[in-house]
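Enquirer: Could you have a look at this structure, given as structure tokens, before my questions?
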Amino acid sequence: MVRDASRRITKYTAKIVGDVVKNRIDALKDSMVEQATDQFAFLVAKESACKAQLDIWGVHSIEAPFYLSYVRKLYGISRKHAGGTAIEEACIATKAFIDRGLKPYYLMTLADTIFDYDVSACTA
């Protein structure tokens, strides 16, 4: 059933009342911080592995944040997908970062060594 636009506006307006949003965040804050804290350690480990590899390759410090962004993207993919879907999503991300001017070999190696994603078919 299609709902009237005015009904949607009324419902949305009620949702964004400051006190309601504040109460939701206050109620969930401890849980949110706990969940994020667990994941931050994993993300730092992935970024550290990436940075170490970039240092070995001699990648200029100006380019490093873009490779770190790629690793963060792959980390997000690894949290949301598994198996073939994860590989396909990693391929899409790899193509996007190649289009941004990053080196395909570096991206392929980072994906393989840090996440066990074989994106070599995407870099050809």
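Enquirer: Evaluate segment 47-62: report whether one residue or more is polar (S, T, N, Q) and over 30 Å from R100 (Cβ atoms).
Expert: Going through segment 47-62, the residues polar (S, T, N, Q) turn out to be 48, 53, 61.
Filter again for over 30 Å from R100 (Cβ atoms), leaving none.
There is no residue in segment 47-62 that is polar (S, T, N, Q) and over 30 Å from R100 (Cβ atoms).
Enquirer: Suppose we filter K51, K103, K73 for residues that are farther than 23 Å from A36 by Cα, of a type in the set (D, E, K, R) and modelled with pLDDT of 95 or more; which single one remains?
Expert: K103
Enquirer: Please verify whether Y70 is under 27 Å from the mean Cα position of the chain (by Cα) and on the phi < 0 side of the Ramachandran plot, treating the condition exactly as stated. Break it down stepwise before answering.
Expert: Numbers: under 27 Å from the mean Cα position of the chain (by Cα): yes; on the phi < 0 side of the Ramachandran plot: yes.
Taking the combined requirement at face value, the residue satisfies it.
Enquirer: So which residues in segment 40-86 are aliphatic (A, V, I, L, M) and surrounded by fewer than 12 Cβ atoms within 10 Å (Cβ to Cβ), if there are any at all?
Expert: Keep residues of segment 40-86 that are aliphatic (A, V, I, L, M), which gives 41, 43-45, 49, 52, 54, 56, 59, 62, 64, 68, 71, 74, 77, 82, 86.
Those that are aliphatic (A, V, I, L, M) and surrounded by fewer than 12 Cβ atoms within 10 Å (Cβ to Cβ): A41, V44, A52, I56, I62, A82.
Enquirer: Can you find a residue in segment 96-112 that is more than 16 Å from the chain's Cα centre (by Cα), under 19 Å from D55 (Cβ atoms) and exposed (fewer than 15 other Cβ atoms within 10 Å of the Cβ)? Walk me through how you get there before you give the answer.
Expert: We begin by selecting, within segment 96-112, every residue more than 16 Å from the chain's Cα centre (by Cα); these are 98-106, 108-109, 112.
Still in the running and under 19 Å from D55 (Cβ atoms): 102-103, 105-106, 108-109, 112.
Imposing the further condition that a residue be exposed (fewer than 15 other Cβ atoms within 10 Å of the Cβ) reduces the set to 105, 112.
Checked against the condition, which is being more than 16 Å from the chain's Cα centre (by Cα), under 19 Å from D55 (Cβ atoms) and exposed (fewer than 15 other Cβ atoms within 10 Å of the Cβ), segment 96-112 yields at least one hit.
The values are calculated or read from the model by the stated rules, or taken from the named source; none is laboratory data. Please read these numbers as outputs of a predicted model, since none were measured by experiment. Please note: Cβ atoms are built from the backbone with ideal geometry, for glycine as well, and neighbour counts cover all protein chains shown.
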